[in-house]
1. Given the structure, is residue 65 part of a strand (DSSP E or B) and within 25 Å of residue 6 (Cα to Cα)?
2. All but one of (1) modelled with pLDDT of 95 or more; (2) among the β-branched types (Val, Ile, Thr); (3) not in a strand (DSSP E or B) hold for residue 49; which doesn't?
3. Of the conditions (1) within 16 Å of residue 88 (Cβ to Cβ); (2) touching a Leu at 6+ places or on another chain (Cβ under 9 Å); (3) of a type in the set (A, V, I, L, M, F, W, C); (4) not in a loop (DSSP other than H, G, I, E, B), residue 37 satisfies every one except a single condition; which number is it?
4. Residues in segment 33-41: is at least one acidic (Asp, Glu) and touching a residue at least 24 places away in the same chain (Cβ under 8 Å)?
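The values are calculated or read from the model by the stated rules, or taken from the named source; none is laboratory data. In this text the structure is predicted, and so the values were computed from the model without any measurement. Every residue, glycine as well, gets a Cβ built from its backbone with ideal geometry; the counts of neighbours run over all protein chains shown.
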Amino acid sequence: MTDIPAGTTATITYINKGNVKYIEQKYTGKFDKTIELPSGQNIKFTVDVKLPKTTPASKLATFIKVDGEIVSEQIQTGKNVKYRFEFKLP
């Protein structure tokens, strides 16, 4: 899950079942997707966004859950934000 701030768009990439790569360009709003993957599959999730300059600062909040448990949680600020998460399921 990631929440793209208003006034900007993001490029989101992820791997789906069967190692199929998906690219969501010019994505806006909340990206909240559940994907069921087999054990042993490689996982890769990326978000690239240019945050607008605002007061208070714009932020990108991203969470990765595996079996309902958060395994990665990151809140980023700045101008050119890049989130990367890659691992192999047990």
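1. Values: part of a strand (DSSP E or B): yes; within 25 Å of residue 6 (Cα to Cα): yes.
The answer is yes for residue 65.
2. (3)
3. (4)
4. Within segment 33-41, the subset acidic (Asp, Glu) is 36.
Filter once more, keeping what is touching a residue at least 24 places away in the same chain (Cβ under 8 Å): none.
No, that holds for no residue.
Residue-wise test of (1) in contact with an Asp or Glu (Cβ under 9 Å, 6 or more places away or on another chain); (2) in contact (Cβ under 8 Å) with a residue 60 or more places away in the chain; (3) outside any loop (DSSP other than H, G, I, E, B).
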| residue | (1), (2), (3) |
| --- | --- |
| 45 | yes, no, yes |
| 58 | no, no, no |
| 75 | no, no, yes |
| 83 | yes, yes, yes |
